[in-house]
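What follows is a set of notes on a single structure, which appears directly below.
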Amino acid sequence: MRNIILTFIIYVCAVLQAYGSQPLDFPSAEGASVGIRIVRISDGKVIADYDSERLLVPASVQKCLTAATAQLSLPVDFRFVTRLAAYGALSADGVLNGYLAIVGGYDPTLGSRFFNKREAFDIWVATELDRLGVKCMNGDVSAIPSDIPEDALSPYWLLEDLEWEYGAGCYPINYRDNSFDSKEGRMADSDPAAVLCDVVTDRLAKEGIAMAMDAEMNYTEVVLPEDLSPIKVWRYFSPDRDDILKVMMHRSDNLYAEAMLRALLLPACDVRDTEVALVRADSAIVVQRDLWKARGIDLSRGRIVDGSGLAPVNRMSARMISDILHSMARSRSYAELFPIAGRDGTVRNFLRRTPLEGRMALKSGSMTGVLCYAGYMLDKDGRPTHSVVIMVNNFTCTSTKVRSAVSTYLNGVLVSR
């Protein structure tokens, strides 16, 4: 009888903790859904927990999962590869009687304004053709694949998001962040491969490699001759894995996240130099789920449909994200991917002028009615001391007021630790 009573008391305490008055103070807090979990890294002691098993919309803090999976699955020197193939015959006087094919490899950094210090792809193409001795081309510049994969744009993303840069799809050939400037802001480009072909063609003309035939360019019906091998294949490499992940985490870049999710499948693809390994996001998500299941974390309890967190149907719990952070806490390289609150990235204004400024490495996530933070508290040497997850959904006040409440809460719980 005593054991039954004790079990009942423990159950009641758990219910009160999960469903009692939530600890964040902001207007409309009563109707909001909140999940909190703060754990000390050294011994796993739970410092704070509120309804941490509740499944909530994670928004961009889901990128913490994408980054962790990439670090566990891909070698540190992993790089995306875009290939350039020259087809036809090269005459003694430098005329290429054939065409160029750009073979996609899902590189999200190709022409990206966030990696603008490396040699531009179009200049690299012109340089390599010059080294080969090409002075003139009787052909055009084509993209492989010529059609757009059906999952380039997630079916779970909101239609109104697809016109903006943050809703740009992930294609075998990505270029210039799959976006362009307009009066309204950065808009999504639905055919980055065509843009790249145009840019390369213009660059060749500027560098003196003439197009001898004034042929109409066609980006949608590229057919490679089955009996013709390329006379030369070049490889253009992206920056290394963690360089890409750091931009993804600091800028909360959705394209980078979707590409890194698909990258989980690329090392296992056995394709020829002129073939594209078409990989699907849903297949990569299965690989991701299996990896974490083997590490004792069951992602199937939630719902994950993309790599960026843009889909409003994604669901994760604070406990789930906390467990991922805790499992990665010994990896200095993982913690270094996060922007520092009050200084960097999307959290550069968060916790500023508070005792926690500069002491927390955090990823933020937001959409209408959603504000989340996940990451670490750091010691003076930059090592994680606590994993921190705070998720707020379904609020109706301004996000500024929720952000202020989260700041007050974190300072109250962590400053003395």
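The values are calculated or read from the model by the stated rules, or taken from the named source; none is laboratory data. Since this is a predicted model, take the numbers as computed values, not measurements. Ideal geometry is used to build each Cβ from the backbone, glycine not excepted, and the neighbour counts take in all protein chains shown.
All conditions in (1) β-branched (Val, Ile, Thr); (2) farther than 22 Å from residue 49 by Cβ; (3) in the same structural domain as residue 362 (by TED's automatic domain parsing) hold for residue 321, with the sole exception of (2).
Here are 88, 44, 133: which of them is of a type outside the set (D, E, K, R), surrounded by fewer than 24 Cβ atoms within 10 Å (Cβ to Cβ) and under 30 Å from residue 25 (Cβ atoms)?
Details: 88 fails: under 30 Å from residue 25 (Cβ atoms); 133 fails: under 30 Å from residue 25 (Cβ atoms).
Exactly one of 88, 44, 133 is of a type outside the set (D, E, K, R), surrounded by fewer than 24 Cβ atoms within 10 Å (Cβ to Cβ) and under 30 Å from residue 25 (Cβ atoms), namely 44.
Filtering 92, 86 for residues that are part of a loop (DSSP other than H, G, I, E, B) and not assigned by TED's automatic domain parsing to the domain that holds residue 382 leaves a single hit, 92. Candidates 302, 365: the one that is in contact with a Ser or Thr (Cβ under 7 Å, 6 or more places away or on another chain), on the phi < 0 side of the Ramachandran plot and buried (at least 21 other Cβ atoms within 10 Å of the Cβ) is 365. For beta carbons closer than 6 Å, sequence separation of 6+ or different chains, a first residue in the stretch 128-152 that is in contact (Cβ under 8 Å) with a residue 12 or more places away in the chain and a second that is outside any loop (DSSP other than H, G, I, E, B) and small (Gly, Ala, Ser), the qualifying pairs are 136/210; 139/98; 142/101; 143/193; 144/101; 151/281.
Would you check if there is a residue in the stretch 319-328 being within 28 Å of residue 255 (Cβ to Cβ), more than 18 Å from the chain's Cα centre (by Cα), of a type in the set (Gly, Ala, Ser) and at pLDDT below 95? Write out each step before concluding.
First pass over the stretch 319-328, keeping only residues within 28 Å of residue 255 (Cβ to Cβ): 320-325, 327-328.
Applying the additional criterion that residues be more than 18 Å from the chain's Cα centre (by Cα) yields 320, 322-323, 327.
Still in the list and also of a type in the set (Gly, Ala, Ser): 322, 327.
Checking the rest, the ones that are also at pLDDT below 95 come to none.
No - not one qualifying residue is present in the stretch 319-328.
Applying the condition of being of a type outside the set (Ser, Thr, Tyr) and part of a strand (DSSP E or B) to the stretch 164-181 and asking which residue is surrounded by the fewest Cβ atoms within 10 Å (Cβ to Cβ) yields 181. Within the stretch 337-352, does at least one residue satisfy the condition of being surrounded by 15 or more Cβ atoms within 10 Å (Cβ to Cβ), touching a residue at least 12 places away in the same chain (Cβ under 8 Å), in a helix (DSSP H, G or I) and at negative phi? Checked the stretch 337-352: at least one residue is surrounded by 15 or more Cβ atoms within 10 Å (Cβ to Cβ), touching a residue at least 12 places away in the same chain (Cβ under 8 Å), in a helix (DSSP H, G or I) and at negative phi. Taken together, 247, 286 contain a single residue that is out of contact with any Ser or Thr (no Cβ under 9 Å at 6 or more places or on another chain), at pLDDT 95 or above and assigned to a helix (DSSP H, G or I), which is 286. Only one of the numbered conditions (1) in a helix (DSSP H, G or I); (2) assigned by TED's automatic domain parsing to the domain that holds residue 170 is violated by residue 67, and that is (2). No other residue among 272, 235 is modelled with pLDDT of 90 or more and not polar (S, T, N, Q) apart from 235.
In this entry, residue 396 is excluded by the filter for residues that are part of a strand (DSSP E or B) and surrounded by fewer than 24 Cβ atoms within 10 Å (Cβ to Cβ).
Every condition in (1) under 15 Å from residue 67 (Cβ atoms); (2) free of Cβ contacts under 8 Å to residues at least 12 places away in the same chain; (3) hydroxyl-bearing (Ser, Thr, Tyr) is met by residue 308 except one, and the failing one is (2).
Taken together, 402, 389 contain a single residue that is closer than 18 Å to residue 48 by Cα, buried (at least 24 other Cβ atoms within 10 Å of the Cβ) and either assigned by TED's automatic domain parsing to the domain that holds residue 67 or out of contact with any helix residue (DSSP H, G or I) (no Cβ under 6 Å at 6 or more places or on another chain) (or both), which is 389. Considering the conditions (1) more than 22 Å from residue 239 (Cα to Cα); (2) in contact with a Phe, Trp or Tyr (Cβ under 7 Å, 6 or more places away or on another chain), residue 172 is excluded by exactly one of them, (1).
This table checks each residue for (1) crowded, with 16+ Cβ neighbours inside 10 Å; (2) out of contact with any strand residue (DSSP E or B) (no Cβ under 7 Å at 6 or more places or on another chain); (3) modelled with pLDDT of 95 or more.
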| site | (1), (2), (3) |
| --- | --- |
| 56 | yes, no, yes |
| 84 | yes, no, yes |
| 96 | yes, no, no |
| 99 | yes, no, no |
| 109 | yes, yes, yes |
| 118 | no, yes, no |
| 123 | no, yes, yes |
| 126 | yes, yes, yes |
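Each residue in the stretch 291-348 was checked for being touching a strand residue (DSSP E or B) at 6+ places or on another chain (Cβ under 6 Å), within 23 Å of residue 43 (Cα to Cα) and not hydroxyl-bearing (Ser, Thr, Tyr), and 8 pass. Being among the β-branched types (Val, Ile, Thr), within 25 Å of the chain's Cα centre (by Cα) and outside the structural domain of residue 327 (by TED's automatic domain parsing) is a property that residue 123 lacks.
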